[in-house]
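**Student:** Next up is a structure, given as structure tokens.
The values are calculated or read from the model by the stated rules, or taken from the named source; none is laboratory data. Please read all numbers here as calculations on a predicted model, not as lab measurements. All Cβ positions, glycine included, derive from the backbone under ideal geometry; neighbour counts span all protein chains shown. Just the protein is used for accessible areas: all its heavy atoms, side chains included, with ligands, DNA and RNA removed. Shrake-Rupley method; radii C 1.70, N 1.55, O 1.52, S 1.80 Å.
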Amino acid sequence: MKENSFNDKLEFTPEERRELVALAFSLRHAISEALTYDDVKKLRAHLDNAMENGQIHRDVFGLNAILFSMQTVKIAVDEIGLKRESIISILLYTSVLNGFITVENVTAKFGESVGRIISGLVKIHGLYKKKPVIESENFRNLLLSFAEDIRVILIMIVDRVNLMRQIRDTENVEAKHEVSEEASYLYAPLAHKLGLYRLKSELEDLSLKYLEHDAYYMIKDKLNATKRSRDAYIDRFIKPVSEQLEKAGLKFHIKGRTKSIHSIWQKMKKQKCGFEGIYDLFAIRVILDSPIQKEKMQCWQAYSIVTDMYMPNPKRLRDWLSVPKSNGYESLHITVLGPENKWVEVQIRTERMDEVAEKGLAAHWRYKGLKGESGLDEWLNNIRSALETGDDMQLMDQFKMDLYEDEVYIFSPKGQIFKFPKGATVLDFAYYIHSDVGNHCTGGKINGKAVSFRQALRSGDTVEILTQNNQTPKRDWINIVQTSRAKSKVRLALKETQQKEGLLAREMLERRFKNRKIEMTEANMSHTIKRMGYKETSDFYKDLSTGKIDVNDVVDKYVEVQEHDETYQNAQPVVSAQEFNYENPDEQLAQENSDVLVIDRNLKGIDFSLAKCCHPIYGDDVFGFVTVNGGVKIHRCDCPNAPEMRRRFGYRIVRAKWSGKDSSQYGVTLRIVGNDDIGVVNNITSIIAKEDKVVMRSINIDSHDGLFSGNIMILLDDVSQLKNLMKKLRMVKGVKQINRI
């Protein structure tokens, strides 16, 4: 939204007066239907009073504020179908923003819905003061979550479309570039998300025109130069198709649609080619006048006629008839080889489907890669239904933007925007920034006010983290943080602290033994720890470091155990080895060895690594293989090379097991084979993306003769997580085989 800055009293030029009269005349029918006589009377009184008191000015571009508002109203009415509340909000918003009237006054005069819309516009205007990074998807989502009423976003979009139309000849180049960049990065994607395709294309084209003038006019000139030949080609393509459709008794009309200048420019950059290298400059749309019960049948009949005449590209078939998009979009898309061996995109749909696609707010909003958000599909479908009713937008009051109720968006002090799950705390944000920031976090500031690191985050907050060098993580932090990322970092920090404290405790114990001139052996120390009731050595050293057990008591216990063991050993009679026989004479020597290598990243004195031939992960049954240089390779027991290693080098095999789980992730490659159906690969990657603590590193898929096969490299925690993921992937329709390699 624009902000007024000129303080001169508004005076209409003759041209502005004529345009205002023309606008009022063209809107008289829509306004008379939407506004009551009392509404018009109050609005006119407010505007007359505002003009009389010099409260309405020209903006930074020198645009007439009243005329601009009326132009915005016309776009809102004609392009979207907005009614009473939106019209009043557009006309009054600037006065509220500049402090000439309050939201409470507006609510009292025009109702709660108008007050809510204007309140949303004011709140969003406040977000801009934080100087956010508008290019981010997070900022678009923050706007949606902040708006509460979707009409706020719709008004913002039509306001920006109108502004982009009016600033063509402005001399304020810097401001022109700023609003053009916002239109490209923010408003065009918002319009796309809400299915306002004509407005989206206009915003993109005007942004390109103002930001990349030469590219825009180069494409525009070439389109104009080739229009006659393009129209002639479309006629040559359409004529035989029309004849066959008429013979089949179908009612229809066909139209050709040239793609927008912006989309052509994007293709040129993506394909790194000139204008002449773009073959799909237009699409042919076959629109059938069909009764609803025969829609699918007649669409497929038309498809059959088109593909009988022109060879189709089967890889470019998009069937949204059998399974419509989640937002309700229905159509058949196919690319065929037309006259002169040129590829042409053909879209086949009915009048009803075309109306939904052209005017519905939710029409295939995720087309070409825009990802979905939680609950957004159903929510947008409801909005589309409300718009189609044209019932004064009464149903719009039901929509409170609860689609982002599980997410919050916060600002850093520099204006960056971050997304967190609802309930996340200041400490979550600290760990998101960096592990060291989280480990030393003592609290934060939210909107300049000091808060505890336990404070929950709310959308729109500006959050600053406070740290101190002497701060260290505590065990209860695991319950404070809500995100899995922060929890894993807290656990890792606690483990590192415990290990460090354990080393200090051991050094302290060794010094005490040295002072008392007692020799400490690992065997006796291990026996002592068990006699003191500890199953894990780490727990023993932890209690020693915290003072729960006294170091002198440990030394005394050690001496007691040592004396007892020496007494016991001296009491045993010496027996010759000749008196013993093998219990299992056929058992291999390697298996008789009861020593087990415990795999732990803190293992000292042994150089071990995970074998690349079978990529073992935590939880796999494993064994160790001693290499020539003395290191140990860890293999899965079902490694393809295991039988040969056991046969030839049994003496070099050692038993092995995993120690307790740490925060490490392991790489696994999955081999997947399945039917090459539309969307099957997307379904596979979507499942992997939704898995907690599973990261997809690479994917390599080939398709041949109706089948696809390929490898997916992922990172995960352990074998149980892998089994669970493979179980889910096997349930995907079309997947025939999935194996770990």
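**Student:** Looking at the P(r) of the range 626-727, how many percent of alpha-carbon pairs lie beyond 21 Å?
**Tutor:** Beyond 21 Å sits 52 percent of the P(r) for the range 626-727.
**Student:** Just to verify a number: FRET efficiency for TYR37 and LYS294, C-beta to C-beta distance, R0 = 45 Å, to 0.05?
**Tutor:** E between TYR37 and LYS294, to the nearest 0.05, is 0.45.
**Student:** Once ligands and nucleic acids are excluded and a 1.4 Å probe is used, how much of ASP205 is accessible, expressed in Å² to the nearest 10?
**Tutor:** Counting only protein heavy atoms, ASP205 exposes about 30 Å² to solvent.
**Student:** Roughly how many Å² of PHE68 are accessible to a 1.4 Å probe, to the nearest 10?
**Tutor:** Near enough 10 Å² of accessible area.
**Student:** Here's a follow-up. Between LYS517 and ASN682, 0.36 nm times their residue separation minus their Cα-Cα distance comes to what?
**Tutor:** Between LYS517 and ASN682, full extension yields 52.5 nm more.
**Student:** Moving on to the next point. Under the 0.36 nm per residue contour assumption, what length would be gained going from the current alpha-carbon distance of ALA24 and CYS273 to full extension?
**Tutor:** 84.9 nm
**Student:** Nearest 0.05, what FRET efficiency do ASN49 and HIS177 give at R0 = 45 Å with Cβ-Cβ as r?
**Tutor:** Efficiency, rounded to the nearest 0.05: 0.80.
**Student:** What is the distance in Å between the Cα centroid of the range 663-679 and that of the range 145-185?
**Tutor:** The two parts, judged by their Cα centres, are 43 Å apart.
**Student:** Towards the positive end of the charge dipole of the range 665-738, with charges on Cβ (+1 Lys, Arg; -1 Asp, Glu), say which of VAL732, VAL719, ILE688 has the farthest Cα.
**Tutor:** It is VAL719.
**Student:** Just reorder LYS239, LYS690 by solvent-accessible area, largest first, 1.4 Å probe, all chains present.
**Tutor:** Listed by decreasing accessible area, they come as LYS690, LYS239.
**Student:** Now a separate question. Of LYS489/LYS723; LYS83/LYS419; LYS500/LYS661; LYS193/LYS255, which pairs sit farther than 28 Å apart, going by alpha carbon to alpha carbon?
**Tutor:** Too far apart for the 28 Å limit: LYS83/LYS419.
**Student:** Calculate, for LYS733 and ASP705, the FRET efficiency according to 1/(1 + (r/R0)^6) with r their C-beta to C-beta distance and R0 30 Å; round to the nearest 0.05.
**Tutor:** That pair, LYS733 with ASP705, gives E of 0.95.
**Student:** So who's got an amide H within less than 5 Å of the one on TRP658, skipping anything under 5 residues away but keeping other chains? H placed 1.01 Å off N, in plane.
**Tutor:** ILE599
**Student:** Hey, if we sort SER229, SER686 by accessible area with the 1.4 Å probe, largest down, what's the order?
**Tutor:** The residues order as SER229, SER686, largest area first.
**Student:** Can you work out ³J(HN,Hα) from phi for every residue in the range 314-319, in order, using Karplus 6.51 cos²θ - 1.76 cosθ + 1.60 and θ = phi - 60°, giving whole Hz and x for Gly and Pro?
**Tutor:** Karplus-based 3J(HN,Hα) across the range 314-319 equals x, 6, 9, 6, 10, 9 Hz.
**Student:** Continuing with the same structure: Within the range 151-199, list the chymotrypsin sites (Phe, Trp or Tyr not before Pro) lying in a DSSP loop whose Cβ has at most 10 other Cβ atoms in a 10 Å radius.
**Tutor:** Passing both the DSSP loop test and the Cβ count: no residue.
**Student:** Using a basic spin-label model with each label point 7 Å from the Cα along Cα→Cβ, how many nm lie between ARG236 and ASN469?
**Tutor:** 7.9 nm
**Student:** Please compute the alpha carbon radius of gyration of the range 214-347, then divide it by the globular-protein estimate 2.2 N^0.38 Å. Two decimals is fine.
**Tutor:** Normalised by 2.2 N^0.38 Å, the Cα Rg of the range 214-347 equals 1.14.
**Student:** Taking a probe of 1.4 angstrom, what is the accessible area of MET164 in Å², to the nearest 10?
**Tutor:** Counting only protein heavy atoms, the figure is 0 Å².
**Student:** Let me ask something else about it. How large is ³J(HN,Hα) for each residue in the range 454-471, as worked out from phi by the Karplus curve 6.51 cos²θ - 1.76 cosθ + 1.60 (θ = phi - 60°), to whole Hz, x for Gly and Pro?
**Tutor:** For the range 454-471, the Karplus-derived couplings read 7, 4, 6, 7, 10, 4, x, 5, 9, 10, 10, 9, 10, 9, 9, 5, 8, 7 Hz, x marking Gly and Pro.
**Student:** Could you size up the charge dipole of the range 448-575 around its Cα centre, putting +1 on the beta carbon of Lys and Arg and -1 on that of Asp and Glu, and report it in debye to the nearest 20?
**Tutor:** 840 debye
**Student:** What GluC sites (Glu not before Pro) does the range 498-545 have in DSSP loop regions with at most 13 other beta carbons within 10 Å?
**Tutor:** GLU519, GLU536
**Student:** Would you rank LEU707, LEU427, LEU503 by solvent-accessible area, highest first, keeping every protein chain in place and using a 1.4 Å probe?
**Tutor:** LEU503, LEU707, LEU427
**Student:** Let me ask another. For ASP620, what residues show an amide H to amide H distance below 5 Å, using hydrogens built from the backbone and excluding near sequence neighbours?
**Tutor:** For ASP620, whose amide H was placed from the backbone, the distant partners under 5 Å are VAL719.
**Student:** Give the accessible surface of the range 210-253 per residue, rounded to a whole number of Å², with probe radius 1.4 Å and ligands, DNA and RNA excluded.
**Tutor:** Solvent-accessible surface per residue comes out at 64 Å².
**Student:** Please give the contour-minus-distance gain from GLN498 to SER484: 0.36 nm per residue of separation, less the Cα-Cα distance, rounded to one decimal in nm.
**Tutor:** Result: 3.0 nm gained on full extension.
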